[in-house]
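Read through the structure below, which is laid out as structure tokens, and then see the notes.
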Amino acid sequence: MSKSFYQYLWPALTGMLIKSLFIMSDALVIGLGIGSDGLGAIALITPPFSIFTAIAMMVGVGGAAKMSIETGKGSTESNQIWFSQSILLILTLSSLVAIGSFIWLDELLNFIGASGNIALLAHDYMSVMLPFFVVYSLAWVLSSFIRNDTNPKLATYAMSIGAIVNLLLDYLFIMVFDIGMKGAAYGTAIAQTLIVLILMTHIFRKQGSLKPNLKGIGLNRAKEIMGLGSPTFFIELTTAMTIVLFNYVLLAQFGDNYIIAYGLTTNVGVFALFVMVGISQACQPIISFNHGAARSERIDETLKLGMKAAIGSGIVFLLGIWLTAPMIASFYLGDAHDLIPIAASALMFYFLGVPLMGFNIVIGNLFQAIAKPKQATFISLSRGFVFVAIGVVLLPKVFPQDGIWASVFFAESITAFISLSMLFGYRRNKMAPYNESSAI
């Protein structure tokens, strides 16, 4: 079982690591080429970006998990239906959201708290990128299915090549041609289009079982996909809600310097988050398949491997950031000496919660992979928004200087107790049939 886990882990983890590294490098190019206001704009446009990611991951993870469960049951004929239904669903949903966002772009930016030069930079980026969010969403769904269709390496190659192209184009458009935030958007748009083209080779070259087919699709299957993928949706959606909440509180109580520090923290923090997502992605197809095949012992073994990888990597991240936070902040912010202590403090408090973040994400993924979306959604909402919001409101009253940054650790800590109790409940329910049969 460990061989299967690592077969999925290394491609998923490598792809996510490369993608997160280039997101961080992307922010670095924006910070150096446009200035600290560019980092502030990135912080403000993250919520609408997260909404598209949420929709794409909901459809991709939900559809791919359903495909794996059916495959575990021996029903491989339905693969085409779930794949085609997911492609049609993501194209429809992402197009509707992109059109609506484009029409009401100014209102959207006002809602998330944009103002002044930061608002202008955010508008430049979104006005270019919005039409390409459909392509971005399609890339997420394709990679989810192709990874589960025994080709995780292609998904890794596509994301890696796209990330490298994105960084190179950002440098060219921002540092050489001086196009500003629109240049950053052009780089992202071109890179996402390239990712989709690479992923489509899996279908065109018939490297697996996937091929588009409109036969058998319907509203009920779309509802099943969205229901099973809803926990992943809420992971991303609550991220967007949390960022809006942080932006509002930081602007109202602390000022632009804290917004810039928060923008830097989220861009560095995405490295840790993507590692945890990569680990959960490695677990998902194995758990879903063995759930369909009724092999509970393999589910347990995969879960243990996933938790060890997530918690272990979280501890490494925590120690690394605590040793290097001021250096990282100065690397991004350059001569903005007044911002460096604020950003360093934000980084150190944020990464306190990363080991527990990994634990919560892996447990949430377990419930999603075995088709128990309510439990997974509850974990996602708890760690992603509910307890973060409580922390944002309460902690600054107790710790005025750094309380706002400790809210993520606060949320992950409480959610860890919830996740643990749910895990014990799942194991008790799983053992119940065995105990009953033993009594007979």
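Below is a table of values for the structure above.
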quantity: Qualifying residues in region 1-46 (those that are open to solvent by less than 10 Å² (accessible area, probe 1.4 Å), more than 25 Å from residue 177 (Cα to Cα) and touching a Ser or Thr at 6+ places or on another chain (Cβ under 8 Å)) - the one modelled with the highest pLDDT; calculated: 5
quantity: Failed criterion for residue 86 (all others in (1) under 22 Å from residue 365 (Cβ atoms); (2) modelled with pLDDT of 80 or more; (3) open to solvent by 40 Å² or more (accessible area, probe 1.4 Å) hold); calculated: (3)
quantity: Sole exception among (1) of a type outside the set (A, V, I, L, M); (2) at pLDDT 90 or above; (3) within 23 Å of residue 344 (Cα to Cα); (4) open to solvent by 40 Å² or more (accessible area, probe 1.4 Å) for residue 413, by number; calculated: (4)
quantity: Leading residue by the ranking (least open to solvent (accessible area, probe 1.4 Å)) among those in region 177-216 that are in a helix (DSSP H, G or I) and free of Cβ contacts under 8 Å to residues at least 12 places away in the same chain; calculated: 203
quantity: Counted residues, region 217-264 - those being part of a helix (DSSP H, G or I), closer than 22 Å to residue 407 by Cβ and small (Gly, Ala, Ser); calculated: 4
quantity: Scan of region 89-102 for residues that are farther than 24 Å from residue 43 by Cβ and at pLDDT below 90, ordered by number; calculated: none
quantity: Yes/no for residue 328 being open to solvent by 30 Å² or more (accessible area, probe 1.4 Å), under 21 Å from the mean Cα position of the chain (by Cα) and closer than 20 Å to residue 405 by Cβ; calculated: no
quantity: Odd one out for residue 111 among (1) of a type in the set (A, V, I, L, M, F, W, C); (2) modelled with pLDDT of 80 or more; (3) open to solvent by 20 Å² or more (accessible area, probe 1.4 Å); calculated: (2)
quantity: Residue in region 342-365 that is modelled with pLDDT of 85 or more, more than 19 Å from residue 314 (Cα to Cα) and either not aromatic (Phe, Trp, Tyr) or not in a helix (DSSP H, G or I) (or both) present; calculated: yes
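The values are calculated or read from the model by the stated rules, or taken from the named source; none is laboratory data. The structure displayed is predicted, hence computed values, not measured ones. Methodologically, a virtual Cβ is constructed for each residue, glycine included, from the backbone with ideal geometry; neighbour enumeration extends over all protein chains shown. Heavy atoms of the whole protein, side chains included, go into the accessibility calculation; ligands, DNA and RNA do not. Shrake-Rupley method; radii C 1.70, N 1.55, O 1.52, S 1.80 Å.
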